[in-house]
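So the structure is just underneath, and the comments pick up after that.
The values are calculated or read from the model by the stated rules, or taken from the named source; none is laboratory data. Quantities reported herein were computed from a predicted structural model and do not represent experimental measurements. Here the Cβ positions follow ideal geometry from the backbone for every residue, glycine too, while neighbour counts run over all protein chains shown. For accessibility, only protein heavy atoms count, side chains too; no ligands or nucleic acids. Shrake-Rupley method; radii C 1.70, N 1.55, O 1.52, S 1.80 Å.
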Amino acid sequence: MSNVEKEPGPQPASPTTEPTEKKKREYKDFGEEDNKPTHANVDMSQIELKAEDLYDKEKVDLETIVMEDVFKLLQCDENGLTKDEAARRLELFGPNKLESEEQNAFLQFLSFMWNPLSWVMEAAALVAIALSNGDHRPPDWPDFVGIVLLLLINSSIGFYEERNAGNAVKALMDSLAPKAKVKRDGGWSEIESADLVPGDMVSFKIGDIVPADCRLTDAVNVSIDQAALTGESLPQSKKVGDQCFSGSICKQGEAEGVVIATGPNTFFGRAASLVGQDDDTTGHLQKILAQIGSFCLVSIGIFVIAEIFVLYAGFRFNYRRGLDNILVLLIGGIPIAMPTVLSVTLAVGAQQLAKYKAIVTRITAIEELAGVTILCSDKTGTLTTNKLTIDRNTIRTYGPFSADDVVLLAAYASRTENQDAIDSSVVAAVGDTSRARAGIKLLDFKPFNPVDKRTEITYLEESTGKLKRVTKGMTGIIIELCTRNKTEEQENKLEADVEEYATRGLRALAVAYEELEGDDPEAEGNGFELIGLLAIFDPPRSDTKQTIDDALALGVKVKMVTGDQLAIAKETGRRLGLGDHMYPAKVLKDGPAPDSKHASLDDMIMDADGFAGVFPEHKYEIVKRLQGLGHLCAMTGDGANDAPALSRANVGIAVEGATDAARGAADIVLTEPGLSTIVHAIRQSRIIFQRMRNYSIYACAITIRIVVCFAILSFAYKFDFPPFMVLIIALLNDGTIMTLSVDRVLPSNTPDSWDLVEIFSFAVAYGLYLTASTIALLCIIMETTFFQDKFGVTFSGGAFAPANSNDPQVHTIIYLQVAIISQALIFVTRSHSFFFMERPSVALMGAFCIAQLVSSIIAAYGDWGFTQIEGISGGWIGIVWVWNIVWFVPLDWIKFAMKATVIKSIRKRRESKMAHEAAREATGVPMARTQSRATSIHESLYSNRVSFIKRAARRVGLGGKVSVKPEELQRFSSIQAQRVGATLARNPSRTGA
């Protein structure tokens with residue numbers, strides 16, 4: 001048999017024999033290898049029971065050595081371990097699960113204060129308490145307490161929301177924790193799979209998940225689904241001595257085995273270790289946050305330096321007075337709430353996605369999902385059901401039977417209990433499974449075995465009383481059995497049908513029928529007659545085509561990346577409307593052919609609808625190259641072979657039923673079948689993106705508004721605005737802005753991208769306009785008596801004019817004007833048209849009204865000597881409100897004017913640049929490009945909940961992470977390639993032949 005497998009060509013053949021032989025090979029059970037067990041090349045008396053020795057493949061390979069050596073190395077026997085020994089080994093080898101890095105709650109809270117924006121505020125607090133102790137005045141305790149309170153409030157809100165999101169993920173993972181049946185102290189019991197150790201005896205049956213890597217000591221008709229490793233649809237038969245991988249599923253039979261590897265040392269664990277290759281901890285959002293933060297810091301820095309020169313060198317201000325003016329710019333200009341607002345927005349978004357059965361494990365992935373331009377998807381179990389099905393539309397008949405008759409007879413020749421994958425698909429094709437035994441009396445049944453490669457049933461047809469026999473199996477085997485009514489024409493037709501199936505990636509299952517004379521069920525029949533050919537395939541999920549159509553409508557291109565054969569990938573692509581312009585994985589190494597239309601490998605990857613026969617490193621490479629071309633890339637998958645690419649992608653999505661390795665590497669975990677949730681997630685992420693963009697424009701505009709306004713006022717009028725009142729404005733602003741996380745906005749129909757030039761342009765326009773509104777108000781108050789004359793208002797003590805520019809009531813008027821119109825700006829930045837055309841959420845409107853009520857009350861009754869303000873009359877409050885309304889109305893027109901001039905010019909230049917790049921690269925695929933994830937020292941300062949926590953946790957010994965040597969990664973990669981390559985070699989694609 002070994003020679004037949006390796007050299008199918010020399011077999012004697014009729015004209016139809018060669019293609020049928022090929023189909024026989026195609027149906028050959030996975031996992032049947034010629035490798036003979038070897039002995040461990042190590043001194044058994046010297047090796048110790050520890051991971052360094054057991055998993056050093058230079059010394060020993062537990063996967064291939066004889067079972068006798070396995071038991072010696074693991075120092076165990078078939079009676080299992082004692083509970084005490086199991087506990088000792090659990091300490092030695094660790095739990096049988098993928099390690100996750102736990103975040104310390106206190107460090108997570110502190111991390112919200114670990115970014116340059118917070119550092120400036122912390123510096124301002126130090127200035128208030130330490131450097132302000134001058135000019136015979138005490139430290140500025142009110143400002144110090146206010147700044148610290150502002151920092152704590154922002155950190156607490158962000159910590160609370162993020163912790164909630166983390167707890168939801170932990171609850172999900174705990175609910176998915178698998179169980180294992182294990183023999184301890186000579187008896188069987190059920191325990192958590194995480195408590196398994198090397199040397200344990202485990203048992204599993206049909207439907208169970210293999211809990212750890214093990215070698216079988218007993219196997220009864222065992223078939224294991226390892227699609228998560230190979231991408232192939234058919235299960236593999238297993239016998240005593242064979243290895244079963246952790247996370248694979250038992251599809252048939254019962255087995256016992258000895259655990260040889262747990263946790264990170266399993267096959268899946270080593271796959272998950274590839275995830276660690278990409279040490280890119282700074283996400284896309286942190287990069288954007290860094291650039292926005294830089295804009296704000298540079299703006300503040302310019303005017304702080306200007307104040308130092310003008311106030312000290314020019315006006316000869318004393319030390320403390322100048323410092324108070326600088327504090328106003330630092331406190332008011334820094335968008336201290338930015339990291340928290342964005343985090344809360346994302347955390348709320350994560351909770352909303354949970355309603356669609358999508359659990360977000362990295363909340364910044366939501367922002368990146370909004371900008372995704374390419375979605376790479378695994379096929380088996382993701383686009384398809386990973387459940388074999390009979391395609392009734394392609395059934396071929398050769399005798400006097402209809403297609404329905406052929407399916408029914410094939411169902412007769414199938415098991416109805418303890419089925420393998422093919423029997424299950426045939427019986428399911430009948431519709432009502434009871435029909436597989438209705439109207440017949442079973443006399444004899446021969447199940448499928450690797451030698452005969454067919455099943456056979458002999459039965460009594462109750463309606464006629466006749467004995468009949470049906471067989472189904474590999475085409476080459478069945479056609480050899482057919483001795484009745486076989487003609488040259490029929491064989492030619494069969495050959496053509498088999499060839500057509502092969503080119504479409506369908507596996508053929510032949511069905512033959514004969515009748516028996518007499519009553520002896522073991523008698524020879526009148527000869528088998530070929531009656532039909534069934535096509536077996538792994539069908540797409542019911543919602544997959546709609547999901548792909550929806551993704552394309554949202555501007556997201558979908559590419560299939562599968563470990564299955566090229567013909568199968570193309571057929572799946574055609575059925576899904578995805579296209580069949582696909583390539584085998586070898587092109588990733590060889591590049592485009594010399595006569596190809598593609599100038600480079602990158603061009604080919606961009607143009608392809610998908611790739612077939614890929615290994616984990618290929619998926620990783622495809623994602624990496626797409627990112628290198630400037631695309632934000634999402635990857636979906638369910639197996640350990642998808643884990644490296646899931647980690648590398650900007651957004652890794654583990655589908656329902658994914659392995660631990662895939663879930664551990666993914667950013668989003670789907671908990672119900674199908675991909676339709678991804679479209680919901682994309683739409684929801686774009687809503688969240690719009691909220692963040694709206695806030696970013698607002699935050700930058702307020703920075704410009706505060707620093708420019710108060711710097712100019714100090715230069716023109718030596719205006720000393722109280723720092724504490726800026727803190728009040730910031731506190732009220734933060735309370736209102738937090739409600740943006742649930743604001744009502746419209747998602748974009750195309751992938752979003754952070755166009756910072758546009759954001760900064762809008763911010764400068766709004767900020768300067770609001771600055772003008774405040775300066776104009778102060779000028780009228782100081783230079784004229786317009787308000788006094790028209791409205792009869794006065795100042796403290798009935799004074800007709802203010803004593804000077806630093807009159808406490810003037811401070812109050814400016815405070816109220818700044819507080820009201822600054823918050824009102826959010827209604828302009830959140831809308832695309834007129835502000836009243838897009839209704840805000842109830843929460844935002846309510847928070848705005850409360851904040852303005854508080855501001856007005858402070859203005860009316862505030863009489864705080866320590867902060868130099870004094871309550872103003874209702875007349876002045878009314879004047880400020882009317883003033884702000886008058887100035888607020890033109891804000892929409894400024895927005896429209898910016899869009900028609902500056903923004904239009906920016907977009908034209910960008911489109912021209914992109915067109916030039918596209919022409920130069922000659923890709924021929926016009927797609928919007930966004931910035932890919934990148935890492936730098938500056939950007940990493942903003943990844944506060946990623947890198948800072950990890951570094952700090954390691955320093956103080958909190959939490960831990962599995963570390964894997966590079967050579968082990970390389971070893972895993974080569975083993976994966978070798979095994980999958982061997983599988984594909986035994987089951988070649990006919991189109992590749």
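Note on region 192-202: residues that are part of a strand (DSSP E or B) and open to solvent by 30 Å² or more (accessible area, probe 1.4 Å) amount to 1. Taking the criterion of being open to solvent by less than 10 Å² (accessible area, probe 1.4 Å), in a helix (DSSP H, G or I) and either among the aliphatic types (A, V, I, L, M) or modelled with pLDDT of 85 or more (or both), the residues of region 326-341 that qualify are Leu327, Val328, Leu329, Ile331, Gly333, Met338, Val341.
Can you confirm whether Val561 is within 20 Å of the chain's Cα centre (by Cα) and not acidic (Asp, Glu)? Answer is yes for this residue. Could you go through region 879-902 and let me know if any residue there is open to solvent by 60 Å² or more (accessible area, probe 1.4 Å), among the aromatic types (Phe, Trp, Tyr) and at pLDDT 60 or above. The answer is yes; a qualifying residue exists. Residues in region 644-662 that are of a type in the set (Gly, Ala, Ser), more than 26 Å from Trp754 (Cα to Cα) and either open to solvent by 10 Å² or more (accessible area, probe 1.4 Å) or more than 11 Å from the chain's Cα centre (by Cα) (or both): Gly657, Ala658, Ala661.
Cβ-Cβ below 9 Å, separation at least six or inter-chain, first residue in region 837-851 and basic (Lys, Arg), second surrounded by fewer than 16 Cβ atoms within 10 Å (Cβ to Cβ) and not in a helix (DSSP H, G or I): which pairs? Sorted first by the residue in region 837-851, then by its partner, the pairs are Arg839/Arg744. Mind checking which residues of region 624-644 are at pLDDT 85 or above and either in contact with a Leu (Cβ under 7 Å, 6 or more places away or on another chain) or over 25 Å from Lys913 (Cα atoms) (or both)? Those that are at pLDDT 85 or above and either in contact with a Leu (Cβ under 7 Å, 6 or more places away or on another chain) or over 25 Å from Lys913 (Cα atoms) (or both): Cys633, Ala634, Met635, Thr636. Mind checking whether some residue in region 185-193 is modelled with pLDDT under 85 and aliphatic (A, V, I, L, M)? Checking region 185-193: not a single residue is modelled with pLDDT under 85 and aliphatic (A, V, I, L, M).
Okay, residues lined up against (1) more than 17 Å from Ser237 (Cβ to Cβ); (2) at pLDDT 85 or above; (3) in contact with a Lys or Arg (Cβ under 6 Å, 6 or more places away or on another chain); (4) acidic (Asp, Glu):
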| site | (1), (2), (3), (4) |
| --- | --- |
| Asp420 | no, no, no, yes |
| Arg437 | yes, yes, no, no |
| Ile440 | yes, yes, no, no |
| Leu460 | yes, yes, yes, no |
| Thr464 | yes, yes, no, no |
| Arg469 | yes, yes, no, no |
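Regarding Ala634, is this residue aliphatic (A, V, I, L, M), over 16 Å from Lys557 (Cα atoms) and open to solvent by less than 10 Å² (accessible area, probe 1.4 Å)? For Ala634, the condition - aliphatic (A, V, I, L, M), over 16 Å from Lys557 (Cα atoms) and open to solvent by less than 10 Å² (accessible area, probe 1.4 Å) - is not met.
Scanning region 792-806 for residues being surrounded by 15 or more Cβ atoms within 10 Å (Cβ to Cβ), more than 56 Å from the chain's Cα centre (by Cα) and within 17 Å of Ala776 (Cα to Cα) gives a total of 2. In region 399-413, the residues that are without any contact (Cβ under 8 Å) to a residue 60 or more places away in the chain and farther than 17 Å from Gln490 by Cβ reach residues that are among the β-branched types (Val, Ile, Thr) and open to solvent by 50 Å² or more (accessible area, probe 1.4 Å) with C-beta atoms within less than 9 angstrom, at least six apart or across chains, in these pairs: Ala411/Thr433.
Only residues that are surrounded by fewer than 16 Cβ atoms within 10 Å (Cβ to Cβ), at pLDDT 90 or above and of a type in the set (A, V, I, L, M) were counted in region 63-101, giving 1. Residues in region 420-430: is at least one touching a helix residue (DSSP H, G or I) at 6+ places or on another chain (Cβ under 7 Å), farther than 25 Å from Ala567 by Cα and either open to solvent by 20 Å² or more (accessible area, probe 1.4 Å) or not in a strand (DSSP E or B) (or both)? Within region 420-430 (the criterion being touching a helix residue (DSSP H, G or I) at 6+ places or on another chain (Cβ under 7 Å), farther than 25 Å from Ala567 by Cα and either open to solvent by 20 Å² or more (accessible area, probe 1.4 Å) or not in a strand (DSSP E or B) (or both)), the answer is yes, since at least one residue qualifies.
The residue list Arg705, Arg683 contains one member that is more than 22 Å from Leu768 (Cα to Cα) and either under 38 Å from the mean Cα position of the chain (by Cα) or part of a helix (DSSP H, G or I) (or both), which is Arg683. So for region 663-678 (the condition being of a type in the set (S, T, N, Q), within 28 Å of Ile292 (Cβ to Cβ) and either buried (at least 24 other Cβ atoms within 10 Å of the Cβ) or modelled with pLDDT under 85 (or both)), does at least one residue qualify? No; the residues of region 663-678 include none that is of a type in the set (S, T, N, Q), within 28 Å of Ile292 (Cβ to Cβ) and either buried (at least 24 other Cβ atoms within 10 Å of the Cβ) or modelled with pLDDT under 85 (or both). Restrict the check to region 743-758 and report whether at least one residue is under 23 Å from Trp887 (Cβ atoms), in a helix (DSSP H, G or I) and of a type outside the set (Phe, Trp, Tyr). Scanning region 743-758, I find no residue that is under 23 Å from Trp887 (Cβ atoms), in a helix (DSSP H, G or I) and of a type outside the set (Phe, Trp, Tyr), so the answer is no.
Taking region 840-870 as the range and being open to solvent by 20 Å² or more (accessible area, probe 1.4 Å), under 21 Å from Ser805 (Cβ atoms) and either assigned to a loop (DSSP other than H, G, I, E, B) or among the hydrophobic types (A, V, I, L, M, F, W, C) (or both) as the test, the residues that pass are Ile858, Asp863, Trp864, Phe866, Gln868, Glu870.
Of the strands (runs of 3 or more DSSP E) lying entirely inside region 593-663, those carrying at least 2 residues that are closer than 26 Å to Ile363 by Cβ and among the aliphatic types (A, V, I, L, M) are 633-637, 651-654.
Residue by residue, here is whether (1) aromatic (Phe, Trp, Tyr); (2) farther than 30 Å from Glu495 by Cα holds:
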| position | (1), (2) |
| --- | --- |
| Asp520 | no, yes |
| Leu530 | no, no |
| Leu534 | no, no |
| Phe537 | yes, no |
| Gln546 | no, yes |
| Lys557 | no, yes |
